[in-house]
Every structure is written in C-alpha cells, then in structure tokens.
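Just so it is clear, none of the values below were taken in a lab; they were calculated from the coordinates. As the structure is a prediction and not an experimental result, all values here were calculated from the model. Cβ: placed from backbone, ideal geometry, glycine included. Neighbour counts: every protein chain shown.
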Amino acid sequence: MGRQAATGDGKRDAKPRLVIATDNFLPRWDGIARFLAELIPRLLDEYDVTVISPDYGVTDLDLRIRRILIPLVDKEYGDYIPAQWRPKMVRKAIEEADIVFCQTIGPVGYLAHRWARKLGKPLAAFIHSIEWELVPKALNQRLLKRLAYPFTKMFTRFLYRHANLLIVPSRNTAELLTWQRIDTKKVVVNLGVDTKKFVKGDRNAAKRNLKLPKDSMVIGFHGRLGHEKNLLTLSRAFIRLDRKGKRLLIVGDGVYDLKQRLKKVRGALLPGSTDNIVPYLQAMDIYVMPSFTETTSLAVLEAMSCELPIISSPVGFIQQYITHGKNGFFYDTKNAFDLSRKLQLLADNPVLRSRIGAAARKTITERFNWDRTAEGIAVALGTLLPQTKKNAMKKT
C-alpha cells in the first residue's frame, strides 16, 4: 500500500482544495521539484494543498501540505524510477479536489488527468516541457527515439486537449501548442526567481568553501544530467578551452553512463544533487546551458540572478529574454568549437564577464519575480472554481 504524509496542524479549513499531481517531487530535486517548492508556500493562503507524487521519501522542507505518496516500481529507467500504477489511490485524492493541477504526464499525472475528466473536476496543467521534444532526446537508442516522437506527441495532445486550462511559461510555448491543434484555453505566466536567495555573493569565498583554487576558471551547469541536456558538447568545448586551472562544475544527478563519461574529463567535478544550489552557482565564473530543448529554463534564470554570464543554446523562451552580447550569448547547439570560442572570449575578459553578469541580474529583477509568478498561477487556477468557492475565498 502507499502511504500518506501530513505536515502542519492537520486542520482542513474552508479553503478550496487544490490537488497537485506530479511524477517529480521532493526529495528528488529537478526543475519541477524546485518549481513546486517555490510555488506551494505562496499558494497556502488561498488553497488547501495536497500533493500526489511518487514516494521518493519525505522532504525536510516544511511545506505544510498533505502528501499522498505512491509506491515506486522495482525498476530504474535511466536515472528515473516511476510510480506504480495505483488508480484507486489517485482517484480518492481527486474525488476530494476542487481543482486538479497536473505537472507531468507520467503514471501519476496521467491518472490525475483521467480521473479529473471522469469525475468532472476542473483540470489545469502547467507546461514544464514540450514532451514530444524532450522524450526522444532523453533516449539514447535510435529506434526508441523514432518510435517515441509520434507516440509522445499523440499522447500529449490527447491529454492537453481534455484539460480545462493550460498554464504556460511563455507566449511562444502557447503558440507552439496551438500550432499542434491543442485549442485548450491557455494563460501565460512567466517563471520567477527568488532574487533575495539567488545572489552573486563572494565568488572567492564560494570557491574556497568548495575547495576550488581561488584563481580557477569555473565553467558551470546545474540540472538533470540527461542526454537531452547535450552535456557532451559542453565537455568537448571545455576540453578545448585554453586556461590553466579550469574546472567544469556539473551539479545534479542523472543517467549513469553519461555521468561516467563526464567524470573522465580532466578538471570535471560532479558533486551530485543538492538541496541548495546557490553556493555552487556563486562559485561559477561562467554558466552554460547546452540543452537541445527547454521551455523557459528555471536553471538559467537562477544563474542569471546570481550575476553569471550565460552561454546558451538558442532554445525555447531563452531566445526571448537573452539578447546576444548584452545579457548573455548564444552558440550553435551542436558545435563544440563555437561554444569553446564563446567560453574563451569570456574566460579572457573579466570586464566583459562582469558587464554581462550585471545585465543578466537586471533582466531577472525587472522581469522574473516569484511572487508575481505565484500570483499569476493562483489567479489562473481561481478561474476554474465555481462561484460559491470564489465567494468563500473572498471571505477568508
């Protein structure tokens, strides 16, 4: 049987009941988990929150929520262990919901979609990634890649067409879904960053704390270590970089074979996953996002907030908030030589690094604020409530 974990005082008040369904959650850290860890505390004044997720354990963070933990299967796929197929457990949670808010379309997310439709519950989904781009690129076998693309697209379109609302992180994501004949109502809510937490700090002290040489040139990345992140191109560009004391700091966990290949790179450091990425970002001199596919990339926003000069592949919404040569740089996605030239340019020019990093931070403070993100999501979800619940919210 699955188990439930409750936090807080256990009281169930008159707030609307928001059930968040996700196949990725704490203590397994990734972009979706970081997103929810920031969002949930900002929704608690308006919603009574329950999270259904795979049972990766109980997080140390006090989120003051009810958790429904679905047991894991016995097999690992790449770096991922999915939840078991438990339709009755998911149905019971959905029956109690006033709104269902899905983050993924794995076993938990799919069942939440299914039961919300059958039980007539208002259903919203947040679009963290374009699944038919992500899944094939995350696979390492050519035949599976070819089969995954059409199946994932068909499956994703079916689910999203039956939702009541899609919350998307950018206008170009909304347009992409519409081009795929997904006509569900869409609301654009940009992601945000906690700019009080993600700050530049003292770079020399951060390097010292991580036992890195003070004069080392640290090229960094954080996130899931998957094939879709194109980290081998980053490693090849790093090898080309002409710089003594260079380090490649890759923070996160993921596919075993990929990690083993990266560990063989001279100067590469892979500390694994962490609950607090800030000290690692503060130790970096240059940040690289080499990914084949992204929507917004919360990782890039966090690095920019720490005043890091960014070099990114031109993907997703990143193309809209980075202006080449002003607050970051783009490189030709599969071209390690082009990336190495951009790395060399920044490595050789501390004044340029400082100027680009300051402009990156300004972009974040002016455009990407977590409180504004949470408010936008709360308002969007509120449109799905019946009028009686809206009136109750106004009274509380």
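Quick check on residue 354: is it under 23 Å from residue 199 (Cα atoms) and either part of a helix (DSSP H, G or I) or touching a helix residue (DSSP H, G or I) at 6+ places or on another chain (Cβ under 8 Å) (or both)?
Answer is yes for this residue.
Identify, please: which residue in region 326-341 is over 11 Å from residue 313 (Cβ atoms) and charged (D, E, K, R) and is, among those, farthest from the chain's Cα centre (by Cα)?
341
Take residue 95 and decide whether it is free of Cβ contacts under 8 Å to residues at least 60 places away in the same chain, under 27 Å from residue 190 (Cα atoms) and not small (Gly, Ala, Ser).
So residue 95 fails the test.
On the basis of being crowded, with 19+ Cβ neighbours inside 10 Å and either touching a His at 6+ places or on another chain (Cβ under 6 Å) or assigned to a helix (DSSP H, G or I) (or both), does residue 372 make the cut?
Considered against the rule, which asks whether it is crowded, with 19+ Cβ neighbours inside 10 Å and either touching a His at 6+ places or on another chain (Cβ under 6 Å) or assigned to a helix (DSSP H, G or I) (or both), residue 372 comes out as no.
Note down all Cβ pairs under 8 Å where the first residue falls in region 339-352 and is under 10 Å from residue 238 (Cα atoms), the second is outside any helix (DSSP H, G or I) and of a type in the set (D, E, K, R), and they're at least six residues apart or on different chains.
339/332; 344/242; 344/243
Here are the criteria: (1) on the phi > 0 side of the Ramachandran plot; (2) in a helix (DSSP H, G or I). Tell me which single one residue 259 does not satisfy.
Of everything listed in (1) on the phi > 0 side of the Ramachandran plot; (2) in a helix (DSSP H, G or I), residue 259 misses just condition (1).
What number of residues in region 201-212 are under 16 Å from residue 271 (Cβ atoms) and either in contact with a helix residue (DSSP H, G or I) (Cβ under 7 Å, 6 or more places away or on another chain) or not in a helix (DSSP H, G or I) (or both)?
Selection size over region 201-212: 6.
Considering only region 77-110, how many residues are over 21 Å from the mean Cα position of the chain (by Cα) and under 24 Å from residue 31 (Cβ atoms)?
4
Does residue 218 qualify as being among the β-branched types (Val, Ile, Thr), surrounded by fewer than 23 Cβ atoms within 10 Å (Cβ to Cβ) and either closer than 30 Å to residue 374 by Cα or in contact (Cβ under 8 Å) with a residue 60 or more places away in the chain (or both)?
no
Residues of region 188-215 being crowded, with 17+ Cβ neighbours inside 10 Å and farther than 25 Å from residue 360 by Cα, which ones?
Those that are crowded, with 17+ Cβ neighbours inside 10 Å and farther than 25 Å from residue 360 by Cα: none in region 188-215.
Scan region 273-321 residue by residue and report those that are among the aromatic types (Phe, Trp, Tyr) and part of a helix (DSSP H, G or I).
Scanning region 273-321 gives 280, 321.
Taking the residues in region 144-200 that are assigned to a strand (DSSP E or B) and over 19 Å from the mean Cα position of the chain (by Cα) as candidates, determine which candidate is farthest from residue 114 (Cα to Cα).
Step by step, filter region 144-200, then rank; the result is 186.
Return the residues of region 283-297 that are more than 16 Å from residue 132 (Cβ to Cβ) and either among the small types (Gly, Ala, Ser) or in contact with a Cys (Cβ under 6 Å, 6 or more places away or on another chain) (or both); say none if nothing qualifies.
Those that are more than 16 Å from residue 132 (Cβ to Cβ) and either among the small types (Gly, Ala, Ser) or in contact with a Cys (Cβ under 6 Å, 6 or more places away or on another chain) (or both): 283, 297.
Identify, from the list 297, 305, 340, the residue that is touching a strand residue (DSSP E or B) at 6+ places or on another chain (Cβ under 7 Å), within 27 Å of residue 245 (Cα to Cα) and of a type in the set (S, T, N, Q).
The match here is 305.
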